[in-house]
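Working notes, beginning with the structure itself.
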Amino acid sequence: MAAINQMMAEIRYKAQILARTNKLESGIMDSGIIGFAIGLVISMILVVLPVFFMGMM
């Protein structure tokens, strides 16, 4: 009986990890486009502004 309880605990633990991973991936996929757009804007600012200011000197 102890072996069965140990196996059930391991199965329950793995199922919880799988569920958490699924929720995390769903959250990332849901906000992925917004995050990509924000990252693109920030990277463009960090690249274009120094070039713009160097051109003014």
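Details
- Dmax and Rg, reported as Rg then Dmax, of the chain (C-alpha, Å): 23.7, 80
- Folded to 0 to 90 degrees: helix 32-56 orientation relative to the chain principal axis, Cα: 30
- In the chain, helices alone account for a calculated mean residue ellipticity at 222 nm of -34000 deg cm²/dmol, with every DSSP H run of four or more residues adding -39,500 (n - 2.57).
- 0 to 90° range, to nearest 10: angle between helix 2-30 axis and the chain longest Cα axis: 20
Computed from the coordinates by the stated procedures, all read-outs in this text should not be read as laboratory data. The structure presented is a predicted model; accordingly, all values stated were derived computationally and were not measured.
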